[in-house]
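Taking it in order: structure first as structure tokens, then the write-up.
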Amino acid sequence: MSFLESRPFSYALLLVLATLSTLAVLLRSYSRVFIVKNFGLDDRLIACACVLNMAGTVLIVMVLNAGGGKPVPEQTKDEFGTILRLVYAFHIVAQNAICCVQLSYLAFYARFIVEGRLRRTLPYIGVFVILESVAVICFHAFRCKPISTAWNPYVFPKGCLKYAKALITQSTLVGVGSFEQIDLTVLAASTMANINSGSIEYNLSIIIACIPGIKPLFRKVFKSTSRSSEGSRSVSVMLNALVHKQRRSPQLGSTSALAASDVAIRPADNDGRLGTGASYMDSTIVGTQGAQGSGQEPIETDSSVEHVS
């Protein structure tokens, strides 16, 4: 895949990864501030790593816009010098971001490991991580003598450490079989494979570091969802029971149907008569309906008397 064909993919990859890592940090921060209410050192470190990662993403985009990934013969001296400056800054920013992520892991472990040999070991591991990061940053910052040689397209890589030249060019050589040929052959500031793999590494490290911190937010969301679903099921069961009860109730006409909403009506016996347990309102309704049909005054009957339908 050529440079022009792979550059859109690199842009899309950078956008997706930077968005996911930033969203993960925001969700973790929300969970710590509003749910756990304990925004600790590990949260501050991962937030700092996110800011540095965004700065590194901007630098990578600038490298791509300047022509990073193309062979040097296709670049002008000004383009090559711009790419060298951006790569120089990116190495320092990226190493600081990695250091913050690693220290965030250690600070997160310190939340739960309160005693024991491992707890006493965590500070020493943190010191080692800091010293290692300082060494790497110093290496990238002072790999050339004078320092400006690191971004001088007319001098680089002369005056730079041999390992530094190999570090920058190891994945950018085209048809080169030995390190001694670097100064005389094709040299590129970076390649798409190097850019894409670096983006995946930095962003995924931040996302993975944020997953344990987002757990309280997930627990709260799923808990509220389960409660609402249980409430919906209980309401549905009550409505189904009410409908089933209404279907089993006898139909005694429009008036008796209205009365049935407030008064329990016993079903008729096998011979078609109302049971003796019917209420006074039942007997009154039956007498009223019969009187209205014959044009006579309604007659109230005693509820203990059986009524023939």
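The values are calculated or read from the model by the stated rules, or taken from the named source; none is laboratory data. Worth saying up front: this structure is predicted, and the values here are computed from it rather than measured. Positions of Cβ are backbone-derived with ideal geometry, glycine not excepted, and every protein chain shown enters the neighbour counts. Heads up: the accessible areas ignore ligands, DNA and RNA and are worked out on the full protein's heavy atoms, side chains in. Shrake-Rupley method; radii C 1.70, N 1.55, O 1.52, S 1.80 Å.
Worth pointing out:
- With the largest listed first and rounded to whole Å, the semi-axes of the equivalent ellipsoid of the range 1-117 from the Cα gyration tensor are 37, 16, 11.
- Karplus (6.51, -1.76, 1.60) ³J(HN,Hα), θ = phi - 60°, over the range 11-18, in Hz, Gly and Pro reported as x: 4, 5, 5, 4, 5, 5, 5, 5
- Whole-Hz couplings from phi, Karplus 6.51/-1.76/1.60, listed for the range 27-38; x for Gly and Pro: 5, 5, 5, 4, 4, 6, 7, 9, 9, 6, 6, 8
- Highest average first, the peptides 120-133, 52-65 ordered by how many other beta carbon atoms sit within 10 Å of their residues are 52-65, 120-133.
- Remark: for residue pairs Lys77/Lys158; Lys37/Lys215; Lys70/Lys162, the C-alpha separation exceeds 20 Å in Lys70/Lys162.
- Net charge of Cβ neighbours under 12 Å - reference Tyr154; Lys, Arg +1; Asp, Glu -1: +1
- When Lys77, Lys158 are compared by accessible surface with a 1.4 Å probe, the order from highest to lowest is Lys158, Lys77.
- Residues in the range 35-112 average 44 Å² of solvent-accessible surface per residue, probe 1.4 Å, ligands and nucleic acids excluded.
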